[in-house]
Amino acid sequence: MTVSNKTVSSDAIQKEWLEVQAAQANPTRFRPLYDRYYEPIFRFIYRRTSDEMLSGDLCAQVFLKAMQKIGSYKFKGVPFSAWLYRIASNEVAQHFRNTQKNRTISIDKTNVGEMVEDEDIEGLLAHRDVLIETLNSMKDKEVELIEMRFFEHRSFREIANYLEISESNAKVRTYRLLTKMKKLMLKKIKPK
């Protein structure tokens, strides 16, 4: 499986901006945005909860908030979905804070294998429990970046749009996190 390099043309972003403006003027015109993004937002939430009913509830909350706040949405030249993903991320985080439960990270061998480009860390990945422990010890925003890149196969451009940073900054953050993970895993496997 390869990492997606989806890009959205400026024409598509402009067309979408017109749809957003129509929804801002009349909330009943929100439907095309809802239809386009419901499924990807649901999947984004489901990957973090592993609970279909909860994901449906949280997804409904995301779109309710988006409709309620569409008037305050500011166009920044990126897809509307970046704003929806931020709302979704906040809803999931709020749910876990309120319920004091831990979030779910879906790990499979294919996804994890894409995280490595050198043989040093490849051996570490045989220690699934250490990987899970390492991810659990990281900040939510760090895990979210790793999830977006390696488990959801988002391009650096999509990550940059979501985080409202440059594409090169998204790359730097990702590779720094991989280096951090490697160091943490080595400490757990080979304690001094």
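The values are calculated or read from the model by the stated rules, or taken from the named source; none is laboratory data. Fair warning: this is a prediction, and the values are worked out from it, not measured in the lab. Please note: Cβ atoms are built from the backbone with ideal geometry, for glycine as well, and neighbour counts cover all protein chains shown.
Selection of the stretch 81-100 for residues being part of a helix (DSSP H, G or I) and more than 23 Å from Leu145 (Cβ to Cβ) yields Asn98, Thr99. Out of everything in the stretch 37-90 that is basic (Lys, Arg), surrounded by fewer than 18 Cβ atoms within 10 Å (Cβ to Cβ) and within 17 Å of the chain's Cα centre (by Cα), what residue ends up being modelled with the highest pLDDT? Here the answer is Arg43.
For Asp129, state whether it is within 15 Å of Lys182 (Cα to Cα) and out of contact with any Pro (no Cβ under 6 Å at 6 or more places or on another chain). Yes, satisfied.
Looking across the stretch 134-166 at every residue that is aliphatic (A, V, I, L, M) and part of a helix (DSSP H, G or I), the one that is nearest to the chain's Cα centre (by Cα) is identified as Met148.
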